[in-house]
Amino acid sequence: MNSLDDVNVLLAQTGYVKKVNIEKRLTDNWYYLDLEILLSCDADFSKDFVTLKFYNVKELTMENLNPILAIQFAIYDKSNCQLENTKFYVCDEENDTFSFYCEKISFNDEFVFP
């Protein structure tokens, strides 16, 4: 997966949040947050799953992730904004349940490049 557009198209087909993991890691005396989200194509979680992992998450805001609402992910390329260690802005455009910036994204264990 090398295109942000490809990921956004695939995310439009899914969006039911099954699991969210937040991991704090220490590297070179700095703490980083990584966020992993497991998504399903349907509300009863019986169909295919996709895994999104966001690295070096900043300015995370998250509200109630209601399992019956499909999240409308939007991922924007912010690499031209000259923000240190920040390449992407991620948000839920429809329900405004979360937003954050991050440095890297993997989709089903493949890194995404803008």
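Here are a few things to note about the model shown:
- Measuring max minus min along each principal axis, the C-alpha atoms of region 70-114 give extents of 29, 24, 12 Å (largest first).
- Only helices enter the 222 nm calculation for the chain: every DSSP H run of n ≥ 4 contributes -39,500 (n - 2.57), and dividing by all residues gives -2000 deg cm²/dmol, rounded to 500.
- For region 99-112, 3J(HN,Hα) computed residue by residue from phi via the Karplus equation (6.51, -1.76, 1.60; θ = phi - 60°) reads 6, 5, 10, 8, 8, 9, 9, 10, 10, 6, 6, 10, 6, 9 Hz, glycine and proline entered as x.
- Where only alpha carbons of the chain are counted, the Rg and the Dmax (Å): 13.7, 41
- Dipole moment magnitude, nearest 20 debye, region 4-111 about Cα centre, only Lys, Arg, Asp, Glu C-beta charged: 280 debye
- A Förster distance of 30 Å, applied to the separation of the beta-carbon atoms of Cys81 and Ser46, puts the FRET efficiency at 0.15.
- Percentage relative contact order, the chain, counting C-alpha pairs under 8 Å, at least six apart: 28 percent
- Cut-off of 10 Å, at most 16 other beta carbons, DSSP loop: longest stretch of the chain lacking such trypsin sites (Lys or Arg not before Pro): 1-46
Bear in mind these aren't lab numbers, they're just calculated from the coordinates by the rules spelled out. Remember, predicted model here, so these are calculated numbers, not experimental data. Virtual Cβ from ideal backbone geometry, glycine too; neighbours counted across all protein chains shown.
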